[in-house]
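Student: Before we start, here is the structure in question, set down as structure tokens.
FYI, it's all coordinate maths here, none of it is from the lab. From a predicted model like this one, the values you see are computed outputs, not experimental measurements. Here the Cβ positions follow ideal geometry from the backbone for every residue, glycine too, while neighbour counts run over all protein chains shown.
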């Protein structure tokens, strides 16, 4: 897709000028364009082909700290003007909010590095179909017990985003995101088990081979056959790296501005206190080239920067956008729109070493349900995985629930392995917890 950065800047300028003319004391605008496609092959036939090409503008105005927002998918001059007028009209009905407004001009990015985030995938639909079918074929060939498939999907997407505001900020950059995924079903007798695998990157050449992804999906499904139930017990638990991201994501949610100023977090007033063991630090590194969580500035134009979220177990920073920062009497941390590459420190131990360290316990491989209370920290989710004895996986387990309290769970992290999963905005290795309650039969 050929992006016209000048066109986006022109549209943003028109919107900001119109907002000022209509009496807005402050205004901000987001303009984006994107394109891509995804294909899914199932049972060696083409199941879906989806193309998307979209564009959007969102405008937010502040009239003496009364806020109004409107959006449109039409980027014509007339539509932009109408969208701005609607935002201004809505602002007149809003209550005044002393914390509303643009980010502090002193915190806006003035320069930023090229993070190498845009890598178009020059793959045709025909080639993508072939890749999806190759992926699924590899999964089905992994074992004769693979009897059905939910399909393999190949997707390619790229886009460009601009943010500008009436304080003179105008920032724009393109990015891309590509993936290959596969999900299959293994069957033995009346028992059926499903599992999946995927690869994702901004750079096509950094994706794992489609056949490799398929084989891994097939083997993961087969390994779950013969699943048993467990009696209720307290036991050590390992969250593998693909699930550890979510475990630390709950921590991010608990120290995010919205939860804090609404008094709806189990980590209220936790700044400067211990939230993790001393051997764990979590650093936000927003400028890693090509990384999925990288960004030169946040959704308000505030410069992103490397800083500690947790240092040696101590919470060093909240996760704040401008509005929540003002509500808390603090300053933005450059996290409007979320975190950017949170890197969790790890021990000098691999996954096999982590199993050995646990000795006997539960390796969780799938979590179900949304049983996480961010106000109290209570955690209870359906799960499946493997029972481990003497550091060796013994058999798969299912129909269990794992439960605990996040505050206690974080304090009982014993080790973090070095098998870091790079497929998201939180980078963590597998995590061993001292104990959780496993509810079964």
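Student: Binning every alpha carbon pair distance of the stretch 323-368 at 10 Å from zero, what are the percents per bin?
Tutor: 18, 25, 22, 22, 13
Student: In addition: With just the Cα atoms of the stretch 51-188, tell me how far they stretch along each of the three principal axes, in Å, largest first.
Tutor: 68, 35, 31
Student: Calculate, in nm to one decimal, what residue 123 and residue 208 gain on full extension: separation in residues at 0.36 nm each, minus their alpha carbon distance. Walk me through the numbers on the way to the answer.
Tutor: Details: separation 85, 0.36 × 85 = 30.60 nm, distance 1.55 nm.
Here the answer is 29.1 nm.
Student: A further question follows. Stokes-Einstein D for the stretch 117-182 at 25 °C, 0.890 mPa s, Kirkwood Rh over Cα pairs, in µm²/s? Intermediate values should be presented prior to the final figure.
Tutor: On the way: Rh = 14.6 Å.
Roughly 168 µm²/s, to the nearest whole number.
Student: So for the chain: antiparallel DSSP bridges make up what percent, rounded to the nearest 5? Intermediate values should be presented prior to the final figure.
Tutor: Numbers: 109 of 115 bridges.
In the chain, DSSP labels about 95 percent of beta bridges as antiparallel.
Student: What length, rounded to one decimal in nm, is gained on full extension from residue 9 through to residue 352, with 0.36 nm per residue of separation minus their alpha-carbon distance? The partial results should precede the final answer.
Tutor: Working: separation 343, 0.36 × 343 = 123.48 nm, distance 5.18 nm.
Full-extension gain reported as 118.3 nm.
Student: Simple spin-label model, 7 Å along Cα-to-Cβ: residue 233 to residue 147 in nm?
Tutor: Roughly 3.0 nm, to one decimal.
Student: Sticking with this structure for a sec: Calculated from DSSP H runs of 4 or more alone, at -39500 (n - 2.57) each and per residue, what is the 222 nm mean residue ellipticity of the chain, nearest 500?
Tutor: Result for the chain: -7000 deg cm²/dmol, rounded to the nearest 500.
Student: Tell me, what does the Kirkwood hydrodynamic radius of the stretch 180-333 come to in angstroms if you use every pair of distinct C-alpha atoms? Present the calculation step by step, with values, prior to reporting the outcome.
Tutor: Details: mean 1/r = 0.0524 Å⁻¹.
In the stretch 180-333 this quantity evaluates to 19.1 Å.
Student: Quick one: length gained pulling residue 17 to residue 98 fully straight, 0.36 nm per residue minus the C-alpha distance?
Tutor: Working: separation 81, 0.36 × 81 = 29.16 nm, distance 2.41 nm.
Stretched fully, the residue 17-residue 98 segment lengthens by 26.8 nm.
Student: If you don't mind, another one. Taking N as the number of residues in the stretch 233-439, what value does Rg over Cα atoms divided by 2.2 N^0.38 Å take? All intermediate terms of the calculation are to be shown ahead of the outcome.
Tutor: Numbers: Rg = 17.1 Å, N = 207, 2.2 N^0.38 = 16.7 Å.
Scaled against compact globular proteins, the figure is 1.02.
Student: For the stretch 341-419, would you read off the P(r) tail past 18 Å as a percentage of all alpha carbon pairs? Display every interim value, and only then the final one.
Tutor: On the way: 1647 of 3081 pairs.
Every Cα pair in the stretch 341-419 considered, those over 18 Å come to 53 percent.
Student: What fraction of the DSSP beta bridges in the stretch 233-439 is antiparallel, stated in percent and rounded to the nearest 5?
Tutor: Values: 42 of 47 bridges.
Given both bridge residues lie in the stretch 233-439, the antiparallel proportion sits at roughly 90 percent.
Student: Right, next: Cβ neighbours within 10 Å, averaged per peptide: list 35-41, 163-169 in order, most packed at the top. Please report the intermediate quantities before stating the final value.
Tutor: On the way: 35-41: 21.3, 163-169: 18.9.
Per-residue Cβ counts within 10 Å, averaged per peptide and sorted highest first, yield 35-41, 163-169.
Student: Next question. Between the stretch 310-383 and the stretch 190-223, what's the alpha-carbon centroid distance in Å?
Tutor: Taking the Cα centre of the stretch 190-223 as reference, the centre of the stretch 310-383 is 25 Å away.
Student: Would you mind putting 392-400, 212-220 in packing order, based on average other-beta-carbon counts within 10 Å, highest first? Before the final figure, lay out the partial values.
Tutor: Values: 392-400: 16.3, 212-220: 22.9.
Top to bottom by mean Cβ count within 10 Å: 212-220, 392-400.
Student: Considering every Cα-Cα pair within the chain, what fraction, in whole percent, is farther apart than 39 Å? Intermediate values should be presented prior to the final figure.
Tutor: Details: 29159 of 97020 pairs.
Pairs farther apart than 39 Å: 30 percent.
Student: Moving on to the next point. According to the Cα gyration tensor, what semi-axes, each the square root of 5 times an eigenvalue, does the equivalent ellipsoid of the stretch 109-148 have, listed from largest to smallest in whole Å?
Tutor: Details: eigenvalues 300, 44, 8 Å².
One finds semi-axes of 39, 15, 6 Å for the stretch 109-148.
Student: Sticking with this one: If you average 1/r across every pair of different Cα atoms in the stretch 1-72 and take the reciprocal, what Kirkwood value do you get, in Å? Don't skip to the end; give the middle numbers.
Tutor: Working: mean 1/r = 0.0679 Å⁻¹.
In the stretch 1-72 this quantity evaluates to 14.7 Å.
Student: Kirkwood Rh over alpha-carbon pairs of the stretch 153-192, then Stokes-Einstein at 4 °C and 1.567 mPa s: what D in µm² s⁻¹, rounded to an integer? Working shown, then result.
Tutor: Values: Rh = 14.3 Å.
Estimated via Stokes-Einstein, D reaches 90 µm²/s.
Student: Let me ask something else about it. For Cα pairs less than 8 Å apart in space and 6+ apart in sequence, what is the mean separation divided by the residue count of the stretch 136-294, i.e. the relative contact order in percent? Please list the in-between numbers first.
Tutor: Working: 229 pairs, mean separation 32.0, N = 159.
Relative contact order here is 20 percent.
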